[in-house]
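One structure is given below, encoded as structure tokens.
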Amino acid sequence: MKVLGISAGTNGGSNDAMCKEALMGAKELGADIEFINLHKLNIRHCTGCKACVMSLFSGRGNACVLKDDFQWLVDKMYEADGIVWAVPIFEKGAPGIFHTVMDRFGPRLDRGNVMIAQKIAEQGGKPVDPKYLREIAVSYMGIGGSDWATRIQCDFANQALTPKWTLIDNDCFKWSLDIVMNDEAIARAHTIGQNLARAAKKIADGTFQAPQGIIGEDYCGPKGVCPHCRGNNFYLQEDGTAICCACGTEGVMKNVDGKYVFEFDAEKWIPHAHDSISGKFIHGDDIQQNEGKARAAMQTPEAKARKKKYAEFIQSSKPETV
């Protein structure tokens, strides 16, 4: 089994240290390990060109048009059975470099989209590499310099749901500028690595069972308020309903004996959950239908006239070339 550690922090800093501590824990249980610091790579921002999804849904594979180190990183990820991230907390959530990786994953590496593309390929299209359907276990550690950290775990869950990786641990370490001197935090990172290695070993030998529906009691990490994905971030609506920001299930938030309880119709919403295969198929169908409608609308004379109006109105400013 192989466990890959990825740090999104300063080279040689606290995130590197915590990631390597987790790798030490994984290695103790027999894992082959590798470490990558994202700042050593050239990873360009996603431009939203949609070329990848158009290729997927037209039987032309799922390659990205940007040529940089991202595909090398993707290949390293999909060679692993388990991945552990250590990510600094910026403005309560993950930094831009993490979001860039997350943006480049979707939609070309969304497992539901890849499965749809496989069906298209069976009818004569270009096959998508089957490695993109591999089971992978993933754990995250958010390393923060204060207690402003309320969004980081949702960022992590959203990164995992695109390729449908199984989330093992999703931890946040607050007030952690001196975390390398915090024995309790170091021990926790070590345990996170070991938890991940146990799941990775099952993936490697083919005995891993990805959880379905509501998470069981034997699952690693804190339970969280959402009983499906263990998320703690919710979008509260004026009509009294709540939406889990990670998995998209909708229900009602209640206070029971001083604790928040999120109740939802599992039979209705789990098939629609963003981290379920059925939910991904629903999302993929919606994208295909909306792309078709948008293409038809944007080919009309009125659409072309509107685009011309905005193009002629003002151009983007840019610095002068020295």
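The values are calculated or read from the model by the stated rules, or taken from the named source; none is laboratory data. Computed from a predicted model, the values in this text were never measured in an experiment. Don't worry about glycine lacking a Cβ; one is built from the backbone with ideal geometry, like all the others, and counts go over all protein chains shown. Remember, those area values only see protein heavy atoms, side chains included, never the ligands or the DNA or RNA. Shrake-Rupley method; radii C 1.70, N 1.55, O 1.52, S 1.80 Å.
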Exercise. Based on Cβ point charges of +1 for Lys and Arg and -1 for Asp and Glu, what charge dipole magnitude is obtained for the chain about its Cα centre, in debye rounded to the nearest 20?
Worked result: 1320 debye
Exercise. Excluding ligands and nucleic acids, what accessible area in Å² is computed for F90 using a 1.4 Å probe, to the nearest 10?
Worked result: 100 Å²
Seminar exercise, completed: Restricting to Cα pairs under 8 Å and 6 or more apart, the percent relative contact order of the chain works out to 17 percent
Seminar exercise, completed: Rounded to the nearest 5, the percent of antiparallel DSSP beta bridges in the chain equals 30 percent
Problem set entry | Of C49, Q299, G13, farthest towards positive along the dipole that unit charges on Lys, Arg, Asp, Glu beta carbons give the chain | Q299
Problem set entry | Projected label distance in nm at K76 and T191, using a 7 Å step from Cα toward the beta-carbon | 2.9 nm
Problem set entry | Linear extension gain, M54 paired with Q315, 0.36 nm per residue minus alpha-carbon span | 91.2 nm
Problem set entry | For the stretch 1-69, size of Cβ-based charge dipole, Lys and Arg +1, Asp and Glu -1, in debye | 400 debye
For this session: Per residue of the stretch 106-121, in order, report the coupling 6.51 cos²θ - 1.76 cosθ + 1.60 (Karplus, θ = phi - 60°) as ³J(HN,Hα) in whole Hz, putting x for Gly and Pro.
Result: x, x, 5, 10, 4, 4, x, 5, 5, 5, 5, 5, 4, 5, 5, 5
For this session: Count neighbours as other Cβ atoms within 10 Å of each site's Cβ, and list the GluC sites (Glu not before Pro) in the stretch 278-322 that are DSSP loop with at most 15 such neighbours.
Result: E320
Problem set entry | Alpha-carbon centroids, the stretch 247-322 and the stretch 58-100: separation in whole Å | 21 Å
Seminar exercise, completed: The size of the Cβ-based charge dipole (Lys, Arg +1; Asp, Glu -1) of the stretch 260-319 about the Cα centre, to the nearest 20 debye, is 780 debye
Exercise. What whole-number value in Å² describes the accessible area per residue of the chain for a 1.4 Å probe?
Worked result: 54 Å²
For this session: Tell me the label-point distance for the pair Q289, Y260, using the 7 Å Cα-to-Cβ offset, in nm and rounded to one decimal.
Result: 3.2 nm
For this session: Starting from the Cα-Cα distance between T300 and I277, subtract it from 0.36 nm times their residue separation and give me the gain in nm to one decimal.
Result: 4.7 nm
For this session: Determine the sum of side-chain charges near A187: Lys and Arg each +1, Asp and Glu each -1, restricted to other residues whose C-beta is under 15 angstrom from that of A187.
Result: -4
For this session: Write out the trypsin sites (Lys or Arg not before Pro) in the stretch 1-82 meeting two conditions: DSSP loop, and at most 16 other Cβ atoms within 10 Å of their Cβ.
Result: R44, K50, K67
Exercise. Where both partners of a DSSP beta bridge lie in the stretch 1-83, what percent of those bridges are antiparallel, to the nearest 5?
Worked result: 0 percent
Exercise. So what does T321 come to for accessible area, using a 1.4 Å probe and Å² rounded to 10?
Worked result: 140 Å²
Exercise. Out of the stretch 231-270, which GluC sites (Glu not before Pro) are coil in DSSP terms and have no more than 10 other C-beta atoms within 10 Å?
Worked result: E238
Exercise. Label D32 and K307 with points 7 Å out from Cα along Cα→Cβ: what is the distance between them in nm?
Worked result: 4.8 nm
Exercise. If you compute Cα Rg over 2.2 N^0.38 Å for the structure shown, which of (1) 1.07; (2) 0.92; (3) 0.97 do you land on?
Worked result: (1)
